Structures are given as structure tokens and as C-alpha cells.
Amino acid sequence: MGIPVKLQVFEGPLDLLLHLIDKNKVNIYDIPIAEITNQYLDYVKNMKNQDMDICSEFLLMAATLLEIKAKMLLPAGKNEEGEEEDPRAELVKQLLEYKMYKYMSYELKDKLQDSRRLIFRTQNLPDEIKNFEEKINMEELLKDINLSKLYRVFQSIIRKQEDRIDPVRSKFGKIQKEEIHLDNKLAYVTDYIQKQKQCGFRKLLTEQSSKIEIIVTFLAILELIKVGKIRIRQESPFDEFYITANT
């Protein structure tokens, strides 16, 4: 009688790949595709008794890995700029995005656990104060800008971000969370604008050190616009967006 083997449960094929990359302590930007593919296939072979819907996701990734492995044996193709294309590039992009969302979910889970330890007292404010809402004229705040333009600037900065150091892995191979809190970024952006009096939207985002910092800073800017603490203006359609305090 064979010895039953209990497989470690992964949330999906990308989760399994990240586990293998971490276990082998390899650079996520330079994955040894042959070695990782062989280990991945060994895991898939032991999934015979798993649900077919789950297995199909892992099998699809296995096919992708084999395709990349085959392309690595061929002469490298070149893109429009004449640079050699890496067959692993799209997979690396997916892994980095998955890792970012995975660790953001850990942050949300921590916040949920922290909230369970909080106790709120019942409000006893007078009705005229409790029902007061400061009127914010969103048309006035956003009259000089178009949110789709802001988003395009944000996307261009994300694409140019070349943070070649894995933000959640230390130099010793230990996984760590990058602590980026929205509350802290709200305070940071508010303080930054008060000190600078006026700052460029693009400049503020490009000063952030990682992709996750750019994302949280962008969310903080949108939140401050929403509550009326800052305003963004653009002198002409192709000029920089400028942020100022809404006094």
C-alpha cells in the first residue's frame, strides 16, 4: 500500500509559482524557467484526485510554462525598439501584480482584526451638529481637470516604474510585507502640499519609491479631492496638473 501524500493547498497557479520561487530563493525577474516548470509539473501530477475545475487552472498554467520553456530554447525575438524580448516578461508581470494584491489582502485582514478590538461610544451630539454636512461643490473643485486625464498620467507613471528590488523580499530571502497605509499617505500628501504650497501631480507620484506607494498616493489624492481639502488645476490641455491646498 502506497503512503498517502497530503498536498499543500494553494489559492491558484500563481500562488504555487510564488511559493516555488520563494522556496528556491531565485530572482523573480530572472526565473530559471526549466527548473521551476519541472517542480510545478511534479505538483500537478499529484493533483489527480482534486476537483477538475481547480485542476484546469493549474493545467493551463502548466501549458503556459511549457510554451515559455520552448521559446527560451529558440533565438530571442526583438520588439519594435530592437530590444530582445524575454518570453518570461508577461509571467513576471502577472506574478508581481498577484503578489501586490495578495499582500494588500493581508493588510486588509490586519485592519479587520484591529477593528474588532475597538469600542465606540454612542453619539450624543446635538441634532444640528450631527446632521451638519459641509457642502462641497465638486464642479468647482474639478472644473479645471478631467479624471480620465489624471488616470492616464497615473498609468504612465506606473508603466515607467522600474523598482527592480522585490519590495516584499529582503536580501536574505525572507518574505516581508511592505507597510503602506492609506491614512499615513493622506497625512503625507496634506503635509507635502502645505509645505510646497503648490506641487505637480506627476512629480508627487514619481517621488514614490515603489509601485504600491504610487497606487496608495494616487488614492490619497483622490480622497483629498473628494473631501475638498485640495484642488487640482491645469492651465491648458497639455500642461502639468498642479495640486494646491483648498483654503
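The values are calculated or read from the model by the stated rules, or taken from the named source; none is laboratory data. The structure displayed is predicted, hence computed values, not measured ones. Note that we place each Cβ from the backbone using ideal geometry, even for glycine, and neighbour counts take in every protein chain shown.
Name the residue that is modelled with the lowest pLDDT, counting only residues in the range 66-84 that are closer than 29 Å to residue 42 by Cβ and not in a helix (DSSP H, G or I). Lay out the reasoning, then the answer.
The initial filter retains those residues of the range 66-84 that are closer than 29 Å to residue 42 by Cβ, namely 66-74, 76.
From the residues that got through so far, the ones that are not in a helix (DSSP H, G or I) too are 73-74, 76.
Working: 73: 85, 74: 83, 76: 75.
This residue is 76.
Based on what the data block shows, is residue 26 closer than 30 Å to residue 210 by Cβ, free of Cβ contacts under 8 Å to residues at least 12 places away in the same chain and not basic (Lys, Arg)? Give the steps one after another, and end with the answer.
On the way: closer than 30 Å to residue 210 by Cβ: yes; free of Cβ contacts under 8 Å to residues at least 12 places away in the same chain: yes; not basic (Lys, Arg): yes.
Against the criterion (closer than 30 Å to residue 210 by Cβ, free of Cβ contacts under 8 Å to residues at least 12 places away in the same chain and not basic (Lys, Arg)), residue 26 qualifies.
Counting only residues that are modelled with pLDDT under 90 and either outside the structural domain of residue 90 (by TED's automatic domain parsing) or in contact with a Phe, Trp or Tyr (Cβ under 8 Å, 6 or more places away or on another chain) (or both), how many does the range 20-39 have?
0
Restricting to the range 223-247, count the residues that are loosely packed, with under 14 Cβ neighbours inside 10 Å and assigned to a helix (DSSP H, G or I).
The qualifying residues number 1.
Taking the condition of a type in the set (Ser, Thr, Tyr), closer than 27 Å to residue 210 by Cα, loosely packed, with under 13 Cβ neighbours inside 10 Å and in the same structural domain as residue 20 (by TED's automatic domain parsing), does residue 105 pass? Full working, then the answer.
Values: of a type in the set (Ser, Thr, Tyr): yes; closer than 27 Å to residue 210 by Cα: yes; loosely packed, with under 13 Cβ neighbours inside 10 Å: yes; in the same structural domain as residue 20 (by TED's automatic domain parsing): yes.
Spelling it out, residue 105 is indeed of a type in the set (Ser, Thr, Tyr), closer than 27 Å to residue 210 by Cα, loosely packed, with under 13 Cβ neighbours inside 10 Å and in the same structural domain as residue 20 (by TED's automatic domain parsing).
I'd like the full set of residues that are over 27 Å from residue 33 (Cβ atoms) and hydroxyl-bearing (Ser, Thr, Tyr), limited to the range 95-112.
Within the range 95-112, 105, 106 qualify.
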